[in-house]
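K.L.:
Sharing a structure with you now.
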Amino acid sequence: MGVVRNGLAELNHHMRDEHKEIRDGVTGEDQGLSEEDESQMNEDLGEVNDGSVEAIQVQVHAKAVLQRPQRLKVLLVESDDSTRQVVYALVRNCGYKVIAVQNGLQAWKILEDLTIQIDLVLTEVIMPCLSGIGLLSKIMSHKTCKNIPVIMMSSSDSMSIVFKSFSKGAVNFLVKPIRKNELQNLWQHVWRKSQSSSGSGSESGIMTQKSTFISLAVVGLKVAQ
C-alpha cells in the first residue's frame, strides 16, 4: 500500500511540475495568472487552427479557464454524507463552485443536462446505483462529456483500483482523507483537457502523465511480489 501511495504522490508531483507555465496555481478568490503564464497559454490557444464548431467551443472554454480559473464548477459525487460535506467545504474554500450529489446516477443526470456547465468531476470510486468507475466509463464514451476531466477518490489505494481508474480515462486519483492542497489546482486539469481536446501540444503531456503512472504501477507490482 505504501508503494502505491508513494507512487501516487510522485505522479501528482510530476503533474504539478510538468508544464512550466503553471507555477503558483489558484490560492485565493481573486488571484489570477502571471502575465508570463497568460502569454504562454494564449500562444498555446493560437496554435489551434481547426475551424470546426467544436474546436471553437473548446477555445472559448479554454480562454474562460485562463481568465477565471477559480470560477470553474465542480461536480462532486460522494455517497457518504459526512465525507461529502467535508470535501464540498474544501472545494468551496479553494474558490470553486460546487454541485454535490450522492451517487453516479444523480451525477449522470446532471451531466446529460446540457444547460448545466460542469468543468470537472470529482467522484468516489465505490458507490451504490452507479459506481465511480461506471460513471467514468459513461463520461468517456459520451461525445460531449468526454472532454470533462474526471478525478477519482477513494479511501483505498489498491493498485487494481488506481490502475483501472487511469486506464478508463481519469486524470488523477486522490487517496482519502482529501487535503485542501490537493484541490487548489483543479483548474490545471481543466486547462490540460481543453488543450488536448483542441488538438494542441498538451495532449503529449497527458500521455506522459499516464505513462509515468503505468511505470510507477509496474514498480509497485514488482516490489509487492
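K.L.:
Need one number for the range 113-185: average projected area of the convex hull over its C-alpha atoms, nm².
P.N.:
5.4 nm²
K.L.:
Oh, and also: Considering only DSSP states other than H, G, I, E and B, which trypsin sites (Lys or Arg not before Pro) in the range 132-179 qualify as loop sites with at most 10 other Cβ atoms within 10 Å? Could the numbers behind the result be given before it?
P.N.:
Details: sites: 138, 143, 146, 164, 168, 179; in loops: 143, 179.
Those that pass, being in a loop and sparsely packed, are 143.
K.L.:
I've got another one for you. For the range 106-172, what is the relative contact order in percent, using Cα pairs closer than 8 Å and at least 6 residues apart in sequence? Each step should come with its number before you reach the end.
P.N.:
On the way: 68 pairs, mean separation 22.2, N = 67.
Rounded, it is 33 percent for the range 106-172.
K.L.:
Normalised by the residues of the range 121-160, what does the relative contact order come to in percent, with Cα pairs under 8 Å and at least six apart?
P.N.:
Working: 34 pairs, mean separation 19.8, N = 40.
Relative contact order for the range 121-160 comes out at 49 percent.
K.L.:
Continuing with this model, one more query. Around residue 84, what is the net charge, scoring Lys/Arg as +1 and Asp/Glu as -1 over all other residues with Cβ under 13 Å from its Cβ?
P.N.:
-2
Read the figures in this text as sums done on the coordinates, not as results from a lab. This structure is a prediction, so every number in the text was calculated from the model and none was measured. Glycine also receives a Cβ, built like all others from the backbone with ideal geometry; neighbour counts cover every protein chain displayed.
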